[in-house]
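The values are calculated or read from the model by the stated rules, or taken from the named source; none is laboratory data. Predicted, not measured: the structure shown is a model, and the values here were computed from it. Cβ atoms come from the backbone with ideal geometry, glycine included; neighbour counts cover every protein chain shown. Calculation scope for accessible area: heavy atoms of the full protein, side chains included, ligands and nucleic acids excluded. Shrake-Rupley method; radii C 1.70, N 1.55, O 1.52, S 1.80 Å.
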Amino acid sequence: SQQGEEDPQALSIQEGENATMNCSYKTSINNLQWYRQNSGRGLVHLILIRSNEREKHSGRLRVTLDTSKKSSSLLITASRAADTASYFCATVLISGGYQKVTFGIGTKLQVIP
Amino acid sequence: EAQVTQNPRYLITVTGKKLTVTCSQNMNHEYMSWYRQDPGLGLRQIYYSMNVEVTDKGDVPEGYKVSRKEKRNFPLILESPSPNQTSLYFCASSFGGREKLFFGSGTQLSVL
């Protein structure tokens, strides 16, 4: 089953608007990460938030984490056409010698100029 | 330049013909992993390695093999490829499994 599930699966907005994507997961985690993928290319890391953090900022990105609800959101403010991409959340769980990184199915964002 | 290098970028093969997709990183990362990406399914982990000679199965290991004889290399081996292994494959590495992942450019594999 998918650990991270993004919502919505597709989002279309006008340039300048804010974009919000959500991620839900099922198990406990050590941290949660967000990645961006331009069509068919390798994923690029955007931001990491640890399980004891509630909010983190990086430039136009704001990530929140609610471990009680097992959910996270990624906010991109003042979107640009260049933000058009797919966005994935990834949960990281490390327990003893076991280590699991699980990606969701992603949100496809289109920013219209 | 810090990078994860995958080869080949594109590969077309036939059912049953053994193939290897190479992955190399130049960042001295301990953790390396392989993923496959399929439409509507996101990225699914195939295998991961926490260090040299230490590998473990991910969510979809069937039909794949890996080895980690050197820290920088983590090849993915398909002993007898089948059409359901047609997919986009990514290698990734990080300093530790909990840290951010650096991805290769991907290998688009088609098994006929």
Query raised in the report: What are the residues in segment A:24-63 that are buried (at least 17 other Cβ atoms within 10 Å of the Cβ) and β-branched (Val, Ile, Thr), if any?
Result: A:29, A:47, A:49, A:63
Report task. Inspect all residues belonging to segment A:20-43 and state whether any of them is touching a Pro at 6+ places or on another chain (Cβ under 9 Å), within 14 Å of chain B (Cβ to nearest Cβ) and either more than 30 Å from residue B:10 (Cα to Cα) or not polar (S, T, N, Q) (or both). Result -> yes
Query raised in the report: If residue A:67 passes every condition in (1) without any contact (Cβ under 8 Å) to a residue 60 or more places away in the chain; (2) in contact with a strand residue (DSSP E or B) (Cβ under 8 Å, 6 or more places away or on another chain); (3) more than 14 Å from chain B (Cβ to nearest Cβ) but one, which one does it miss?
Result: (2)
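Taking strands (runs of 3 or more DSSP E) that fall entirely within segment A:28-113, which contain at least 3 residues that are farther than 27 Å from residue B:105 by Cα and of a type in the set (Asp, Glu)? Walk me through it before giving the result.
On the way: elements: A:31-37, A:44-50, A:55-58, A:61-66, A:71-76, A:85-95, A:98-103, A:107-112.
Passing ranges: none, list empty.
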Query raised in the report: Counting just the residues of segment B:62-110 that are open to solvent by less than 10 Å² (accessible area, probe 1.4 Å) and among the hydrophobic types (A, V, I, L, M, F, W, C), which one comes out farthest from residue B:8 (Cα to Cα)?
Result: B:101
Report summary line: Those residues of segment A:39-49 which are at pLDDT 95 or above and of a type outside the set (A, V, I, L, M, F, W, C) amount to A:45
Requested in this report: Name the single residue, out of those in segment A:72-103 being in contact (Cβ under 8 Å) with a residue 12 or more places away in the chain and among the polar types (S, T, N, Q), that is nearest to the other protein chains (Cβ to nearest Cβ).
Outcome: A:102
Query - Identity of the residue in segment A:64-98, under 26 Å from residue B:35 (Cα atoms), polar (S, T, N, Q) and open to solvent by less than 10 Å² (accessible area, probe 1.4 Å), that ends up nearest to the chain's Cα centre (by Cα) - result: A:72
Query raised in the report: When only residues in segment B:1-24 that are more than 12 Å from chain A (Cβ to nearest Cβ) and within 12 Å of the chain's Cα centre (by Cα) count, which is surrounded by the most Cβ atoms within 10 Å (Cβ to Cβ)?
Result: B:21
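Among the strands (runs of 3 or more DSSP E) lying completely within segment B:1-62, list those that include at least 3 residues that are closer than 17 Å to residue B:103 by Cα. Break it down stepwise before answering.
Working: elements: B:4-7, B:10-13, B:19-25, B:31-38, B:42-51, B:54-57.
Those strands (runs of 3 or more DSSP E) span B:4-7, B:19-25, B:31-38, B:42-51.
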Report summary line: Checked segment B:25-61 for anything open to solvent by 20 Å² or more (accessible area, probe 1.4 Å), among the aliphatic types (A, V, I, L, M) and more than 9 Å from chain A (Cβ to nearest Cβ); matches are B:27, B:52, B:60
